Amino acid sequence: MKKGVSYTKGGKKLAAGSLALLLAAAFLLVLNSTSCKYYNLQKKLSPEYSEFFQKVRYIITREEEKIFLDLPDSEKDAFIEEFWKRRDPTPDTEENEFKMEYFNRIERSDEMFVSEGKPGWMTDRGRIYILFGPPTDRMTYPMGGDPYSRCREVWYYGNFPVVFVDSSCTGSYKLITYDLTSLREFNLMYMHELSLAQQSAQQTLVGETKYFNFDWSIKDKQVSDDRVEAVVQMEIPYANIWFKDDGGWLATTLEIKLELMDADEVMVWEKTESFDLRIGEDELKENKKKKYAIEIPFAVIEGIERLRKGTNKMFITLKNLTGGEEQKKVLDFNL
């Protein structure tokens, strides 16, 4: 059984306007911080993993993006294998038809759309071709060939048109998200339908999938000549946690292992802690969309000089002892 819950702490009352402004500011701060974090992680990817990440951009979910970028390199190959396995329509056969078709469409896009100064699969036409496949009909209109005097292509999937326009007629086509009528309600309807169609094409997971994922950070770091202190902060959605029945309660144990390695990937410090969760089913239902928060303070008193030499790594492994699920992540830890 997977459920979700967390706890909130009481605090001072604020006026509605002040509270709204405070929440908005906090949300923007967290959003910008998170976006910057994953942007930097993406820039650090090796060429091999960067190529994978780029080429699955049209079908990878936001949660998968975060998990992949958070993983240490030693775990990324296993993620990639599982990524394609989750999309295999016939997992009992040797071939993954979805993966084969996806890369065939990338290759075909590179062959078809060569006029835009970048790989064909990265163009608007390439994206639509990869997501929807070849159109049932493809109409091309060179400059002067229509009342709009613009180079354009109209692809039909059944009776549904997808329109690309090259305003300068230099071979660079952009997807337009409105039809060619002047009626606003028709334009909005078309934009809505096109958006729904693209979202549907991007949903490539087979069946319902939930990941044993969590957010974490290191805060309150204090560094002295002979000691390093900090706090590991975690937030785990209860919806991702397996529980077992324990005498009318829902219970499980989360095991958390921390490992600090220096720039030479030599272990400097490690720690393992377990956290027992026990909660009633009614309380779980009331708080199913929230997160369980954990804070683990730690101190390192040996190997400090080794940590001053370069970029260190803090690894965290979260294991649910009830379901056996496990997730590993890594962060830079510099003094």
Filter segment 172-214 for residues that are more than 30 Å from Tyr238 (Cβ to Cβ) and of a type in the set (Lys, Arg); the one that is modelled with the lowest pLDDT is Arg184
Within segment 59-118, the residues that are exposed (fewer than 12 other Cβ atoms within 10 Å of the Cβ), among the small types (Gly, Ala, Ser) and assigned to a helix (DSSP H, G or I) are Ser74, Ala78
Among Lys271, Lys289, Lys309, the single one that is over 27 Å from the mean Cα position of the chain (by Cα), basic (Lys, Arg) and exposed (fewer than 14 other Cβ atoms within 10 Å of the Cβ) is Lys309
For segment 294-309, the count of residues that are among the aliphatic types (A, V, I, L, M), more than 10 Å from Val228 (Cβ to Cβ) and part of a loop (DSSP other than H, G, I, E, B) equals 0
The residue from Asp276, Asp220, Asp245, Asp215 that alone is under 20 Å from the mean Cα position of the chain (by Cα) and among the acidic types (Asp, Glu) is Asp215
Legend entry - Yes/no for Leu318 being assigned to a strand (DSSP E or B), in contact (Cβ under 8 Å) with a residue 60 or more places away in the chain and either exposed (fewer than 12 other Cβ atoms within 10 Å of the Cβ) or hydrophobic (A, V, I, L, M, F, W, C) (or both): yes
Restricted to segment 123-171 and to residues being among the aromatic types (Phe, Trp, Tyr) and over 17 Å from Ala197 (Cα atoms), the residue modelled with the lowest pLDDT is Tyr148
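The values are calculated or read from the model by the stated rules, or taken from the named source; none is laboratory data. This structure is a prediction, so every number in the text was calculated from the model and none was measured. In this analysis, Cβ positions are derived from the backbone assuming ideal geometry, glycine residues included, and neighbour counts consider all displayed protein chains.
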